[in-house]
Structures are given as C-alpha cells and as structure tokens.
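Novice: Before we start, here is the structure in question, set down as structure tokens.
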Amino acid sequence: MKIINYNLIIVAVLCILGCSKKENINQPQKENMEKIQVSDYGVTAKGDSIKKYTLTNKNGMKVEVINFGGIITSLTAPDKDGHYEDVVLGFTKPEDYFNGNPYYFGALIGRFGNRIANAKFILEGKTYDIDKNDGPNSLHGGKEGFHTKFWNIEPVKGAKFPTIKLTYTSADGEEGYPGKLSTTVFYTLTEDNALEISYEATTDKATFVNLTQHSYFNLSGNFTKTITDHELQINADKFLPVSETLIPTGEQKPVKGSPFDFTVSKPIGKDINVTNDDQLKKGKGYDHNWILNGNGMRSIAKVYHPESGRVMEVLTDEPGVQFYSGNFLDGKFDTKTGGKNEFRTGFCLETQHFPDSPNQPSFPSTELKPGQKYQTKTIYKFSVKK
Ligand code: BGC
C-alpha cells in the first residue's frame, strides 16, 4: 500500500513539475519577445528630453517611436529569407528631427494633413488665416504642426499586442486653427507584422481635422536605392488633378488610360517619367490624392519589392490616399544606410481626407464639432511573396 502511495505521489509531483515547466518555457519567452522598451533619444533646443519607445513583437519585428512629433524613426520588416531590415527613411542625427524635419520623415501630421489653398478657410461665417508655409498655401498643419510637438507617450497596460498611446493637446488658435483639440494616437504592433495606427480627436469649438502619418518607405532596406522598382497597386478608379501649387482643381478624374492608373500592380517607375503628362509635371512625379474605392475599413494599396520579396499592404477607413513618390528628396541629409536621401529614394502612402477639403464643399467634410469624436484607423501590414 505504502509503495503504491509513494508512486502516486511521485507521479503527481512529476506531473506538477512537468506542467509548470511547460508554463515556464512558454510564458516568459513570449513576454521577453513582445515588449516595449524606453530609452533616451536626445534633447531638443528647448530642453525637452526626448525618449524612444521600441515596440517588439514575438517575431522580432521592431518599431521605434519618439515622443517628438510621434515620429517613427525605424520599422523593421522581414524579407523572403526572414531577414528583418529597417524599411523607413530617417535621419541619422536626432537634431535633424528636432530642427524642422523638412521632409516630415516618419511624423504624425496635424491638424491638417496636406495642403489648404491660400492658407485660409471660412468656418461658421468667420475667415481663418492659418500658417502659410508652402508658397501661398498651408502644408501639413503649418510650420509648427504636430510633427514638431512634444507628445506624451505611455505604454498601454493589458493591451493584446505592444501598444503605445500618444497624446497632444493643441491650444485654441494654434497655427491659426480654431478650437482646443485633444488628440490621441495609438500605435500597435500586432503579431502578424502589422503596424496599426488609430487616431482620435475632440474639440471645444468647430474646427477642421485631417490627421495622417508621414513615413517614407523603401522596402529594399537600402536607402540609397530609388523606389521606382517597387510594384504598386492602389484600389482607386479616380484621382484628384492639381494646380501649379498642388491644390486639387476640384475635378475627380478617372485614372484609366493615364500614368495614374495603379488599379493593376505596376512598377512605380513604369510611367513616372511620361513627359507629356501635365499632372506628372506639376507633381514632379506622383504627388496626388487618389479617391479610394469603397467605404469603411478595407485594403486600399499593396506594394511589392521583387528583389527582397517584401510586401506592404495598406488598410484604412479614410476616403483618400496621397501617394507621394519622394520627388522633393534632395540629397541634403545622410541616410541610415550610408549615402544621401536622394530624389525618389522613398515613397509615402498617406491615408487621409482630400487636400483642401475646408475650401471644397464637394469633398467629404473634415469639420469636427464639439461633442463629436474624430476617429480613424490605418494599418501598414508587412509580409513576403516568394
Ligand atoms: C506632400 C508633398 C510634400 C511632402 C513634404 C507630402 O505629403 O504631398 O508635396 O513635399 O509631403 O515632405
């Protein structure tokens, strides 16, 4: 009897050890991989100490974000051999982000992504003059837009995947815009290698809002190479032609039969240099808003880089996307992989409402009133095609 009892005890103890051993192997490993690390990044001229938040998922993909401008300074994605490399353009020196960031590398853009004609709009019968920082127009919220602001960042406890919450309150009148705007942005790195960006805002006076993210991608992982070999598909049958100063003319033009047709995937460089296209001339390449097909959260674009096998899919609930082929990159700064950030070495797919919406009543409205909540989401999802 006693022997049997001992055997049972031994079996029970072994079972408990076995079970707990299994837990010890799986749990801590997952926790070690999926994490958010905080480190010092630099100090601005105003004396703000800037921190870097590194989100890592269980596959080892990493996204680095700083609390200046909500800027994504690095984002890694796997190639066809499982090799993770940084695929977003950025500066090598923190000061270059702090002192103007002329290309808006990686930044959160607000209050209004893209251009507003003559830096003016009328709202509830009153004319507002906003910051004029792009010829006669206002671009990306003005010179001191959200890309230059100090954002409060906190990791979100209990989130399913590594998530950080960024908050910034823009004072009534900032850069000329009415209303105190309370803005929240969440960056989440999922386990299927997607970066999800959720935007929210509320105001205490009627205002206009159009937030976006200004990361430049180069899926080759080599920032000296141009992006003209990347194959792009955009789910849009129409785009918005622009004036000399890149303001939509109001026309919604079918892409069919023009260099703007990306309904079927083609290399970005295929038609970019077509010389007799007036719109390509005005944009110095692609720098236009495509009117996305469909509504609600949907897949709107796919980019494939044949050499590395990297694929980036973009999903959003926004009505438009600005596809910008990096035509104003001018080689003044070093890239993170050596050489300079030259012409067309990165592209942006900025999901947003249409440019100049405040002045174009035929476009979907960008007005936000007190009591309403601005809410939008965009996903950049990375995978490979062999
Ligand atoms: C605009 C470009 C502009 C660039 C600034 C893009 O969103 O469409 O015209 O030059 O931002 O980096």
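The values are calculated or read from the model by the stated rules, or taken from the named source; none is laboratory data. Keep in mind that this is a model prediction, so the values were computed, not measured. Neighbour counts run over all protein chains shown; Cβ positions are idealised from the backbone, glycine included. What goes into the accessible areas is simple: the full protein's heavy atoms, side chains included, and nothing from ligands, DNA or RNA. Shrake-Rupley method; radii C 1.70, N 1.55, O 1.52, S 1.80 Å.
Novice: Give me the dipole magnitude in Debye, nearest 20, for the chain about the Cα centre, with unit charges on the beta carbon: positive for Lys and Arg, negative for Asp and Glu.
Specialist: That gives a dipole near 960 debye.
Novice: While we're on this one: Taking square-rooted eigenvalues a ≥ b ≥ c of the alpha carbon gyration tensor, is the range 39-384 rounded, prolate or oblate, where a/c under 1.5 means rounded and, failing that, a/b exceeding b/c means prolate?
Specialist: rounded
Novice: Sticking with this one: Quick one: Karplus J couplings for the range 35-52, per residue in order, coefficients 6.51, -1.76, 1.60, θ = phi - 60°, nearest Hz, x for Gly and Pro?
Specialist: Karplus values, whole Hz, x for Gly and Pro: 7, 10, 10, 10, 9, 6, 10, x, 10, 7, 4, 6, x, 6, 8, 9, 10, 10.
Novice: May I pose another question? Can you compute 3J(HN,Hα) from phi for each residue in the range 220-228, using the Karplus curve 6.51 cos²θ - 1.76 cosθ + 1.60 with θ = phi - 60°, rounded to whole Hz and x for Gly and Pro?
Specialist: With coefficients 6.51, -1.76 and 1.60, one gets 6, x, 10, 7, 9, 8, 7, 9, 5 Hz.
Novice: Shape verdict for the range 74-131, please, from the Cα gyration tensor: rounded (a/c under 1.5), prolate (a/b greater than b/c) or oblate.
Specialist: Verdict is prolate for the range 74-131.
Novice: Sticking with this one: Could you tell me which residue out of Thr163, Thr245, Phe217 lies farthest along the dipole of the chain toward its positive end? Charges go on the beta carbon: Lys and Arg +1, Asp and Glu -1, centred on the Cα centre.
Specialist: Thr163
Novice: May I ask you to give the average projected area over all directions of the convex hull of the Cα atoms of the range 313-386, in nm² rounded to one decimal?
Specialist: 8.2 nm²
Novice: I've got another one for you. May I ask for the distance between the Cα centers of the range 264-284 and the range 110-133, given as a whole number of Å?
Specialist: Here the two parts' Cα centres lie 30 Å apart.
Novice: Something else about it: Cβ neighbours within 10 Å, averaged per peptide: list 355-362, 157-164 in order, most packed at the top.
Specialist: 355-362, 157-164
Novice: A further question on this structure: Assuming R0 = 41 Å, can you tell me the calculated FRET efficiency for the pair Phe161 and Thr127, based on Cβ-Cβ distance, to the nearest 0.05?
Specialist: According to the calculation, E is roughly 0.35.
Novice: In whole percent, how big is the carbon plus sulfur part of the accessible area of the chain, probe 1.4 Å, protein atoms only?
Specialist: C and S atoms contribute 52 percent here.
Novice: Residues with amide H under 5 Å of Ser265's amide H, sequence separation 5 or more or different chain, H placed in the peptide plane at 1.01 Å from N; which?
Specialist: Long-range HN contacts for Ser265: none found.
Novice: Report the GluC sites (Glu not before Pro) located in the range 82-155 that are in a DSSP loop and have at most 15 other Cβ atoms inside 10 Å of their Cβ, or state none.
Specialist: The qualifying sites are Glu124, Glu144.
Novice: So with the 1.4 Å probe, I'd like the accessible area per residue for the range 98-235, rounded to whole Å².
Specialist: Per residue, the range 98-235 has an accessible area of 35 Å².
Novice: Quick one: check the C-alpha center-to-center distance for the range 223-254 versus the range 365-383, whole angstrom.
Specialist: The distance from the Cα centre of the range 223-254 to that of the range 365-383 comes to 22 Å.
Novice: Over 28 Å between Cα atoms, which of Lys253/Lys377; Lys165/Lys332; Lys132/Lys281 qualify?
Specialist: Distance filter (> 28 Å) returns Lys165/Lys332.
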